[in-house]
Amino acid sequence: MGKTRFLFPVLLLLLISPSTAEIKTLTITSDNRPMILLEKFGFTRTGHVSISVSAVSVVGGTSSQADPSRLGFFLLSEESLLQVLIEMQQNPSFCVLDSHYTTHLFNFRELSPPPSASFNRTFPLTLPNEYSLFFANCAPDTAVSMSLRTELYNLNPSDSSRDYLSAGQTHLPTLFSLFSLLYFLFLALWLRLCLLNRRSLHRIHLLMAALLLMKALNLLSAAEDNHFVKTTGTPHGWDVLFYIFQFLRVVLLFTVIVLVGTGWSFLKPFLQDREKKVLIIVIPLQVLANLASVVIGETGPFIKDWVTWNQVFLLVDIICCCAIIFPIVWSIRSLRETSKTDGKAARNLAKLTLFRQFYIVVIGYLYFTRIVVFALKTIAAYKYRWVSNLAEETANLAFYIIMFYMFRPVERNEYFALDDDEEEAAEIALRDEDFEL
C-alpha cells in the first residue's frame, strides 16, 4: 500500500518538476521514501550522468541487514513512466530496480566497504531523451542517509565542453538576453515619451517606467543565471539577483494593473478602501509566492515537501490573478453609474470603453501566461521546451506594449478629448446600452 499511495506524488513531481539542472550537492537524512526524484534533464547523444555518494548508512529493516541490491539509482523516461506505475500497482511488492523499463545505474552493493561506504562514477547515455534521476529504496522499513553530488550534462559537439542546461533549455541565455535588450529599448522610448509630454505626465507613468526597468533587469539576471549554469553548473550568485528582481517585477506588475485598472492618477488621486485592501492582500501573497519560488529553485524536487510548495505557489498565484480583476470590474461599474448623472456622457463612455478593453486584455494575458504556457511546457517535446519560454515572454511584451500604449502620457488622449457632437452621440449610445441591458 505504501508504494501505491506514492504513485500520484511521483506522477505529479514528473509533471511539474523543472528541466533545468545544475551541479547539485544534497544531504539525505533518515529518508524512508520508496522513490526520491532527484533531477529531471533532457539528454542528447552525448549526455552524461555523474553520481558521487558518500557517508551512506541504512538503518531499520525486517532483517539484521538490508539487502544492498534493493537500494540504488536509476533513470526513467516519461514514456516508460506509465509502464512502471502499472507494474507497481499490479504488484505492490515489486521493486522498480527490477523493471526493464528503467535505466539502471548502480545499487548499494557496488559501494566501497564501510566505514567510507562511497561511490563515484560517470555514466554515458547514447539514447537521447528526457530522463528523471531517481533513488529507489525497496528494502522494507529502512531509512537511508547519505551525502550526494549529481552532475547531469551534455557535451557540445564542437569542443566537447560541458553544457549543464537541459537540451530543451540550452538556448535560454540567448533568448533572455534578447528580450532584456528589447525591454531596455522599450524603457528608453517610454522615458523619451514622458519627457516630451511633461504636462500630461502622471505618477503612474513613473511607476510604469520602474516596472519596465525591473522587467529588463529580471531578464538580464535570468540570462546570466542560465549562462553560468550552462557553462559551469552553478549560477555564481546570479540566482539571488534573479529572485530579487523577479519579486520586485511581480509586485510592481500587479500594483500597476490595480492602479491603472482603478483609474488612479488618471481619473482620481486616491484609492478607495476596498482597492487598498486588494493591494494589501496581493503584495503579501506575492511575498509568500516568491519565498516558495526560492525554496523550489534552490532545493529541488528531492525534499519531502516539494510538491506542497509547488501547490502553495500555484494557489497563491491564482488568488493574486483573481484579486487584481476586481478593481477593474469596480471601476467599470462606477463609470457606468456616473455616466448617467454627471452630464459628461461622452467622456465617461470613453473611459468605460477604455477600461473594458483593458479588462479584456488583462484576462487574455492572465489566461495565456497561466494556462496556455503551462500547456506548452507539458506537451512540447523536451528539445523544444524553450518554445514555452518564448511564448511567455512574447505574451509579456505584447501585454506591456498594449497597456503602455493605452495609458501613455499624451496631451490629447483619444479617450478624453471629445467635442460636442461626440457628447451627443455618446448620450444616445448610453441610452441604447441601458435599454439593451
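The values are calculated or read from the model by the stated rules, or taken from the named source; none is laboratory data. Remember, predicted model here, so these are calculated numbers, not experimental data. Cβ: placed from backbone, ideal geometry, glycine included. Neighbour counts: every protein chain shown.
Under the condition of being of a type in the set (A, V, I, L, M, F, W, C) and either more than 33 Å from the chain's Cα centre (by Cα) or surrounded by fewer than 17 Cβ atoms within 10 Å (Cβ to Cβ) (or both), the residues counted in segment 86-102 number 3. Listed by first and then second residue, the pairs linking a residue in segment 191-208 that is of a type outside the set (A, V, I, L, M, F, W, C) to a residue that is loosely packed, with under 13 Cβ neighbours inside 10 Å and in a loop (DSSP other than H, G, I, E, B), with Cβ atoms under 7 Å apart and 6 or more places separating them unless they lie on different chains, are Asn197/Glu411; Arg199/Glu411; Ser200/Glu411. For segment 103-127, a residue qualifies if it is under 33 Å from the mean Cα position of the chain (by Cα) and assigned to a loop (DSSP other than H, G, I, E, B), and the qualifying residues are Thr126, Leu127. Restricting segment 287-332 to residues that are of a type in the set (Phe, Trp, Tyr) and touching a Ser or Thr at 6+ places or on another chain (Cβ under 8 Å), the residue that is modelled with the lowest pLDDT is Trp306. Residue pairs whose Cβ atoms lie under 7 Å apart, separated by 6 or more positions or on different chains, with the first residue in segment 31-43 and over 18 Å from Glu130 (Cβ atoms) and the second aliphatic (A, V, I, L, M), are Asp31/Ala143; Asp31/Val144; Asn32/Ala143; Pro34/Ala136.
Listed here are the residues, each with its yes/no results for (1) farther than 20 Å from Leu201 by Cβ; (2) outside any helix (DSSP H, G or I); (3) under 36 Å from the mean Cα position of the chain (by Cα); (4) modelled with pLDDT under 50.
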{"position": "Glu393", "(1), (2), (3), (4)": "yes, no, yes, no"}
{"position": "Asn396", "(1), (2), (3), (4)": "yes, no, yes, no"}
{"position": "Ile401", "(1), (2), (3), (4)": "no, no, yes, no"}
{"position": "Glu411", "(1), (2), (3), (4)": "no, yes, no, no"}
{"position": "Ala417", "(1), (2), (3), (4)": "no, yes, no, yes"}
{"position": "Arg431", "(1), (2), (3), (4)": "yes, no, no, no"}
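Residue check: is Leu71 surrounded by 15 or more Cβ atoms within 10 Å (Cβ to Cβ), closer than 24 Å to Lys24 by Cβ and at pLDDT 90 or above? When the stated conditions are applied, Leu71 passes them. When the residues of segment 354-390 are filtered to those that are over 14 Å from Cys321 (Cβ atoms) and free of Cβ contacts under 8 Å to residues at least 12 places away in the same chain, which remaining residue is surrounded by the fewest Cβ atoms within 10 Å (Cβ to Cβ)? Result: Ile379.
Could you please let me know if Gly261 is modelled with pLDDT of 75 or more and among the small types (Gly, Ala, Ser)? Yes: the conditions hold for Gly261.
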